[in-house]
1. Could you grab me the full set of residues in the stretch 100-121 that are in contact (Cβ under 8 Å) with a residue 40 or more places away in the chain and loosely packed, with under 13 Cβ neighbours inside 10 Å?
2. Within the stretch 139-147, does at least one residue satisfy the condition of being farther than 15 Å from residue 81 by Cβ, within 17 Å of the chain's Cα centre (by Cα) and buried (at least 16 other Cβ atoms within 10 Å of the Cβ)?
3. Does the stretch 170-191 contain any residue that is surrounded by fewer than 17 Cβ atoms within 10 Å (Cβ to Cβ), touching a residue at least 60 places away in the same chain (Cβ under 8 Å), under 21 Å from residue 62 (Cβ atoms) and of a type in the set (S, T, N, Q)?
4. For the stretch 148-165: of the residues being closer than 15 Å to residue 74 by Cα and of a type in the set (A, V, I, L, M, F, W, C), which is surrounded by the most Cβ atoms within 10 Å (Cβ to Cβ)?
5. Where the second residue is at pLDDT below 90 and the first is among the acidic types (Asp, Glu) and lies in the stretch 58-75, which pairs have Cβ atoms under 9 Å and are six or more apart or on separate chains?
Amino acid sequence: MWDRLKDQAKNLQQAQSARGRSGSGQGHGSFGQGQHGGHGSGSSSGGSKAQLVGLLKSQLASVKTELKSGAYRDASMAMCALVAAADGHVEPAERQRVEELITTNEVLQNFPADQLRQRFNKNLDRLMANFQLGKTEVMQEIAKAAKKPTEARAVIQTGIVIAGADGYIEPSEQQVIHEACAALGIPPTEFGI
């Protein structure tokens, strides 16, 4: 999976560089959109995963000015909580780590850190109180971003960045990312998962 994501990210970066050189500057490519899932022979070491997360962050930063709506903010915080709680429990240290990732994320700095923290914790508390009921509520929050394709894709990318921050996406995290893709009407294959 990491090799395919890495190949797609590299292809996207090359396409964005080519657009920048041509001066068109129109539109923003979506992660993996119109790309085929390559089967590269690249290493899936921690360095490659960190590089991939960095590429995803760069891509998100390239559409930062489009990601200022309340729907994106709320859906992203719901996505972060869902990824953090994917395995059914969240240790206090994990909660704090995800909060730090959220408040230091370049794109999410479009919003006040207190708002982000409050929404993340509210969603996480819902999930921890009753995972199935909380998951339904959180998915409804995520689905609100479906109206704008750029925001919808950015919500998934944000989830992948949070999930991959430790260098590995757990199967439970991958499963909830798939479910979020379904809620947003985006095929998970677009992200190589």
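The values are calculated or read from the model by the stated rules, or taken from the named source; none is laboratory data. These figures come from a predicted structure and were not determined experimentally. As a convention, Cβ positions derive from the backbone with ideal geometry for all residues, glycine included, and neighbour counts pool all protein chains shown.
1. The answer is 106, and nothing else.
2. Checked the stretch 139-147: at least one residue is farther than 15 Å from residue 81 by Cβ, within 17 Å of the chain's Cα centre (by Cα) and buried (at least 16 other Cβ atoms within 10 Å of the Cβ).
3. Among the residues of the stretch 170-191, not one is surrounded by fewer than 17 Cβ atoms within 10 Å (Cβ to Cβ), touching a residue at least 60 places away in the same chain (Cβ under 8 Å), under 21 Å from residue 62 (Cβ atoms) and of a type in the set (S, T, N, Q), which makes the answer no.
4. In this case the residue turns out to be 155.
5. Correct list of pairs: 66/28.
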